[in-house]
Amino acid sequence: MAPEPDRIQLAQLPTPLVQLSRLNEELDGARIWMKRDDLTGLEVSGNKIRKLEYILADACFAGQDTIVTEGTSQSNHCRATAAACAKAGLKALLLFRPEADGVPQGNHLLDVLFGAETRSYSRVRFDADHDQIVNDVLAELIATGRNPRYTPMGASEPLGCWGYIRAAAELAEQLRAVDIERCDLVVPISSGGTCAGLLLGLLLHGLEHVTLWAVPVSDDIPYHKRVVSRLCREAIESFQLPIELDESRLQFIDGYVGAGYGIPTPAAIATLQHVARAEGIVLDPVYTAKAFCAVLDAVREGRWGREHPVVFVQTGGIFSNFAWPERVLRGMDSDRSAR
Ligand SMILES: *Cc1c(COP(=O)(O)O)cnc(C)c1O
């Protein structure tokens, strides 16, 4: 096995593993735990920062000065990249599919504060000409004397998978400390690097009694299977990981995407509001609220057995709430601070 690649320390680790006591009581003795990866930091919070520790170390080692990446204008990944670059003394150039006009809000507001350069493209153009756009931007930067490093959406490249390979080791130790051997581990999936890292990590760190469940929030299962499989295979090869890829260790729970990426379902919004009141924990409308709906449904239906502990990876995303107040507060009597 090749050694673990270099990382620069950006995240506050380990993140807490906590039991959701009030929610569990409400659910008649359920055993839901949360791995608080929303607490990897404040500016540099969420799941992307674990991946960026490796990507930025790689860029710094290679003498690169600019990270080029992409996402929507409310992308948590773009914001985490912008913050991490400001910390590390690098420039960030973000290729955006804008979601709203007007004054920057939420994650986008932070991108501006962190000094990231942004370029916007229509969704249609970006999807159609993606590689061309990226290559042109990189060529342009090089022509002006800069030395850029590109990382794809979500930093979901083989090197980025190390973030969650490492997180799996961290979780293994925490599960041991609370005497949990068997559990279901649930995570939202979009660009796939988090899930791929966790799958590799479970195989590498001997967590054979942990069942990994991915809840799609953007695409269909065949797409996610393809991406995770490719990421895992490339990582196994590049880093000579001493494991056989067993794709049956990753299962999916479908039915929570709704009308599409970034469009919250009524159930997701109700879940977000419910968890905020029951636990004082804020989910996000794009990823974690949809995925946590899946957890609540499975627990309510007793799908995994009453006594079975469930660990939900809270991957972050708090700032996008502030970009969409009317979506997040839908149905609440927000003017009169309901109940
Ligand atoms: C990006 C993101 C995810 C999905 O992780 P992937 O590695 O892209 O699959 C989940 N939750 C939040 C809050 C995110 O920002």
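The values are calculated or read from the model by the stated rules, or taken from the named source; none is laboratory data. Keep in mind that what you see is a predicted model, and the values were worked out from it rather than measured. Using ideal geometry, Cβ is built from the backbone for each residue, glycine included, and neighbour counts are taken over all protein chains shown.
Pairing each residue of region 195-220 that is without any contact (Cβ under 8 Å) to a residue 24 or more places away in the chain with any residue that is more than 10 Å from the ligand (Cβ to nearest atom) and assigned to a helix (DSSP H, G or I), provided the two are 6+ apart or on different chains, yields C-beta distances under 8 Å for 208/202. Could you say whether any residue in region 330-337 is farther than 20 Å from residue 41 by Cα, assigned by TED's automatic domain parsing to the domain that holds residue 251 and modelled with pLDDT of 95 or more? Scanning region 330-337 turns up no residue that is farther than 20 Å from residue 41 by Cα, assigned by TED's automatic domain parsing to the domain that holds residue 251 and modelled with pLDDT of 95 or more. I want to confirm something. Restricting to region 241-291 and keeping residues that are under 30 Å from residue 204 (Cα atoms) and of a type in the set (Lys, Arg), which single residue is nearest to the ligand (Cβ to nearest atom)? Top of the filtered list is 290. Screening 312, 319 for residues that are within 15 Å of the ligand (Cβ to nearest atom), touching a residue at least 12 places away in the same chain (Cβ under 8 Å), assigned to a helix (DSSP H, G or I) and within 24 Å of residue 107 (Cβ to Cβ) leaves exactly one candidate, 319.
With respect to the conditions (1) more than 23 Å from residue 77 (Cα to Cα); (2) at pLDDT below 95, residue 327 lacks only one, and its number is (1).
Residue count for region 110-129, restricted to those that are within 14 Å of residue 80 (Cβ to Cβ) and among the hydrophobic types (A, V, I, L, M, F, W, C): 4.
On the basis of being away from the ligand (no atom under 16 Å from the Cβ) and part of a helix (DSSP H, G or I), does residue 111 make the cut?
On the way: away from the ligand (no atom under 16 Å from the Cβ): no; part of a helix (DSSP H, G or I): yes.
No; evaluated as a whole, the condition is false for this residue.
Against the definition (farther than 19 Å from residue 76 by Cβ, crowded, with 22+ Cβ neighbours inside 10 Å and either within 16 Å of the ligand (Cβ to nearest atom) or at pLDDT 95 or above (or both)), how does residue 141 come out, yes or no? Here the answer is no, as residue 141 does not meet what is asked. Kindly establish whether residue 129 is of a type in the set (D, E, K, R) and within 21 Å of residue 218 (Cα to Cα). Yes; evaluated as a whole, the condition is true for this residue.
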